[in-house]
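Here the structure is laid out as structure tokens; the discussion comes afterwards.
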Ligand SMILES: [Zn+2]
């Protein structure tokens, strides 16, 4: 029996080495990957793409804040949209939702979260999917994101901003100053963007900022709702030009009936910006996507489908 043992060991060793050879043969580049991951990772697309994420629905109880009456609107609900722009030179997140992913657990069905702002204002927001899960579904995680561009500082646009503290933040000085002032503006939830204080930050000084340098992704200063409020203009190769509104309008009826909300930073500036943007839409032929327009947003293709 003892004489058989070495032969058994040799056989076992041969089997083990064969397995090892098989394993290394099937994943020859494993050692060269910097971040092996069980989930699929997105490749940089060869051309521009726009993904629309569902970041919830706000149930508005008081329409008078928007200078509207219930009978004047098709629905009182507001959609909350977040966007991912992917470009051969990088990625950009536009707006970060109304409720932080860390504050709730998706169940697979829509559920309503109660949001309490620091000044005791309260909102109900219905959510189905987390922003992180929607990003992961198309192969991205927050550290993959090159740029963060919030339309403005209100709570329903900043909820997951801290997730993107590793990105370069594209913001105007007056907006950033207000966000980190000793007394932050109303309708903000400063804890949701506190980590941006130390982010790599590009202060936008021109009215138009060309994000990737080829004229396809432009952040346009559109002040009034907040001092550094910005809209996003995209020149999509197949869809054509699109202007993503931020809160230049919330309800389409604000545009149709010429109403300005009561909580603008500067209502006169909002009116002037609306006139300038109308002229820009006419000049470019761009579609206007009102981010909070519930019925229009419902018709948009949602991620993982995309506009290109
Ligand atoms: Zn908003």
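Taken over the range 143-176, the residue count meeting the criterion of being away from the ligand (no atom under 16 Å from the Cβ), in a helix (DSSP H, G or I) and either in contact with a strand residue (DSSP E or B) (Cβ under 9 Å, 6 or more places away or on another chain) or in contact (Cβ under 8 Å) with a residue 24 or more places away in the chain (or both) is 7. Every condition in (1) under 18 Å from residue 241 (Cβ atoms); (2) part of a helix (DSSP H, G or I); (3) within 16 Å of the ligand (Cβ to nearest atom) is met by residue 281 except one, and the failing one is (3). Considering the range 177-195, the residues that are surrounded by fewer than 19 Cβ atoms within 10 Å (Cβ to Cβ) and part of a loop (DSSP other than H, G, I, E, B) include one that is farthest from the ligand (Cβ to nearest atom), namely 182. Suppose we filter 200, 205, 129 for residues that are under 16 Å from residue 55 (Cβ atoms) and more than 16 Å from the ligand (Cβ to nearest atom); which single one remains? Testing whether each residue is under 16 Å from residue 55 (Cβ atoms) and more than 16 Å from the ligand (Cβ to nearest atom) leaves just 129.
Out of everything in the range 110-126 that is touching a residue at least 12 places away in the same chain (Cβ under 8 Å) and assigned to a loop (DSSP other than H, G, I, E, B), what residue ends up being nearest to residue 154 (Cα to Cα)? Write out each step before concluding.
Taking the range 110-126 first, the residues touching a residue at least 12 places away in the same chain (Cβ under 8 Å) are 110-113, 115, 117-119, 121, 123-126.
Retained after the next criterion (residues that are assigned to a loop (DSSP other than H, G, I, E, B)): 110, 117-119, 121.
Values: 110: 23, 117: 10, 118: 12, 119: 13, 121: 13 Å.
Looking at the filtered set, the residue picked out is 117.
When you check residue 98 against the structure, is it surrounded by 15 or more Cβ atoms within 10 Å (Cβ to Cβ), outside any strand (DSSP E or B) and modelled with pLDDT under 95, yes or no? It is false that residue 98 is surrounded by 15 or more Cβ atoms within 10 Å (Cβ to Cβ), outside any strand (DSSP E or B) and modelled with pLDDT under 95.
Taken together, the residues in the range 53-88 that are over 24 Å from residue 168 (Cβ atoms), in a loop (DSSP other than H, G, I, E, B) and away from the ligand (no atom under 16 Å from the Cβ) amount to 2. For the residues 107, 91, the requirement of being more than 16 Å from the ligand (Cβ to nearest atom) and more than 20 Å from residue 219 (Cβ to Cβ) singles out 107. Within this structure, residue 288 fails the test of being more than 16 Å from the ligand (Cβ to nearest atom), farther than 20 Å from residue 47 by Cβ and either within 23 Å of the chain's Cα centre (by Cα) or in a loop (DSSP other than H, G, I, E, B) (or both).
Would it be correct to say that residue 50 is within 16 Å of the chain's Cα centre (by Cα) and assigned to a helix (DSSP H, G or I)? When the stated conditions are applied, residue 50 does not pass them.
The values are calculated or read from the model by the stated rules, or taken from the named source; none is laboratory data. Being a predicted model, the structure only gives us computed values, none of them experimental. Don't worry about glycine lacking a Cβ; one is built from the backbone with ideal geometry, like all the others, and counts go over all protein chains shown.
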